[in-house]
Amino acid sequence: MTSPLKTPDTDPPGWLERRLPVMSLLRRQYVAFPMPRNLNALWSFGAFLIVTMAFMIASGLFLAINYTPDITQAFASVEAIDRQVPSGWFIRSLHMGGVTMLFACLYIHIGRSLWYGSYKAPRELLWLTGLGLMLMVMVTAFAGYVLPWGQMSYWGATVILNAVHAIPLIGQPLSELLLGGDTLGNVALHRLFVLHFTMAFAILGVIALHVAALHVVKSNNPSGVDPVNPSQTLPFHPYYTSRDGFALCLFLMVYAGLVFFLPDLLTLADNYIQANPLVTPRDIRPEWYFAPFYAILRAVPSRLGGLLLASGSLAVLFVLPWLDRSTIRPATRRPMVRLSLPLAFAAFILLGIAGMHAPTPAWLLASRVAIAWWFIHFLLVMPLASEREMSS
Ligand code: HEM
């Protein structure tokens, strides 16, 4: 019997197909979909992101069943998940390790798109939906980190909510909306819990938009030249399903290593102490994935200035398709970008390392140099390079 997915277009449509042509849609979009032949392993990270999101939502649902969003019980309920709920430690470790895998894939996915110029016309909307996803993932991770109500949850959130408070005009009402009062307490914890899981489902919706946008403009590729005839493409199935499937096995091995052997590799020990508003930890540090932005906040003496620079560092990505109008896509074919972009990647990593260290004068200086390079790259080098390439 032929599988419904394999039914050729010439066959008369069946009962279901005449009413809801979902099989032909799946076949067009995920079986016969034409893909460039020359994609490299960096094109598998989108699939990793989707699978990690699925793990996060599944494990999150089980955690939510046992979690109590109340400041007197939240910490104990998380301890109970770790120690008493059958396989609770595993579900929690999946969720915590998943955040690390998600952000690592997200940063590599963005880096790949920057290196190969995948943000350029006609892929601007694909890029913007991706950036929307990044912001949503960040808000979700921030809200989730407060839930265990440990020392870092409490003090980390206090730092960020103070920063939100400094935003002109909307800062005060926004922080009041989140806190439900003046301080971080029960109302805030409840609101952040609701924000955390509703945001997670909203992310699924935006992923659907992101992939739909991708299927309209199709994938870019390392050469930066779109295929012009069918001989330059391969159908998604079986070529990319098998390749992504293999890559996914390797990815899941790394994820499993983190979950089973190093569950606390990247978490901060202070978060295993219950939140205490009267005792400030000696060193308030964010998780690694927020460290670059934390380093920016700290490198500027004024709170508003730090906030403007931290949000500006992301805002430049939103306008990038219009800052860089050259039609040459991959950095490999752009001498200025090939030099300057790796330095911008290095600046981001340096900021991450600085954000995880105490703000000594040396780290503050390193952060300032890195911030300067980040902005020089996007606001000066990219427009200049594209100007030169367009006029030559
Ligand atoms: C949860 C978050 C995300 C998911 C699940 C996701 C998923 C995907 C998938 C499945 C693909 C196709 C495979 C691939 O090219 O790797 C893709 C492509 C793409 N994504 Fe994402 N993405 C996410 C976040 C982002 C972000 C944050 C950006 C950029 C800021 C972004 C920009 C792009 C671009 C430009 C492409 C096309 C790349 C090309 O063809 O060269 N995505 N995404």
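What follows is calculated from the coordinates using simple rules that are stated; it is not laboratory data. Everything numeric here is computed off the predicted structure, so don't read it as measured data. Because the Cβ atoms are built from the backbone with ideal geometry, glycine has one as well, and the counts that use them run over all protein chains shown.
Between beta-carbons, use under 15 Å as the cut-off and find the net charge around residue 127, counting Lys and Arg +1, Asp and Glu -1.
For residues surrounding residue 127, the net value is +4.
May I ask you to evaluate 6.51 cos²θ - 1.76 cosθ + 1.60, the Karplus curve with θ = phi - 60°, for each residue of the range 108-117 and list the ³J(HN,Hα) values in order in whole Hz, giving x for glycine and proline?
Going residue by residue, I get 5, 4, 5, x, 4, 5, 5, 5, 9, x Hz, with x marking Gly and Pro.
When the chain is modelled as a GNM with alpha-carbon springs shorter than 10 Å, which of 167, 91, 371 fluctuates the most?
Answer for the Gaussian network model of the chain: 167.
Given only helices, namely DSSP H runs of n ≥ 4 each adding -39500 (n - 2.57), what is the per-residue ellipticity at 222 nm of the chain, to the nearest 500 deg cm²/dmol? Before the final figure, lay out the partial values.
Details: 15 runs with 247 residues, N = 392.
Rounded to the nearest 500, it is -21000 deg cm²/dmol.
Note down the magnitude of the dipole of the range 285-392 about its Cα centre, charges +1 on Lys and Arg C-beta and -1 on Asp and Glu C-beta and zero elsewhere, to the nearest 20 debye.
Result for the range 285-392 is approximately 80 debye, rounded to the nearest 20.
Along the charge dipole of the chain, pointing to its positive end and built from +1/-1 on Cβ of Lys, Arg, Asp and Glu, which listed residue (268, 206, 115) has its Cα farthest out?
So the residue furthest toward the plus end is 115.
How large is the direction-averaged shadow of the alpha-carbon convex hull of the chain, in nm²?
Numbers: hull surface 93.8 nm².
Result: 23.5 nm².
Could you give each residue of the range 309-319 its phi-based ³J(HN,Hα) in whole Hz, using Karplus coefficients 6.51, -1.76, 1.60 with θ = phi - 60°, and x for Gly or Pro?
Result, ordered by residue: 5, 5, 6, x, 5, 8, 4, 4, 5, 5, 9 Hz.
At most 15 other Cβ atoms within 10 Å and a DSSP loop assignment: could you name the trypsin sites (Lys or Arg not before Pro) in the range 262-303 that fit? The partial results should precede the final answer.
Details: sites: 282, 298, 303; in loops: 282.
Within the range 262-303, the qualifying trypsin sites (Lys or Arg not before Pro) (loop, at most 15 other Cβ atoms within 10 Å) are 282.
Give the distance, in whole Å, between the Cα centre of the range 245-295 and the Cα centre of the range 329-392.
26
For the range 1-134, what is the Kirkwood hydrodynamic radius in Å, using each pair of distinct C-alpha atoms?
Value: 18.8 Å, from the Cα pair sum.
Starting from the amide H of residue 35, placed 1.01 Å from N in the peptide plane, find each other amide H under 5 Å away whose residue is 5 or more places distant or on another chain.
It is 234, 236, by chain and number.
Can you compute the label reach from residue 254? Point 7 Å from Cα along the Cβ direction, backbone N cut-off under 11 Å, restricted to the range 82-124.
Only 101-109 fall inside the zone, counting backbone N under 11 Å.
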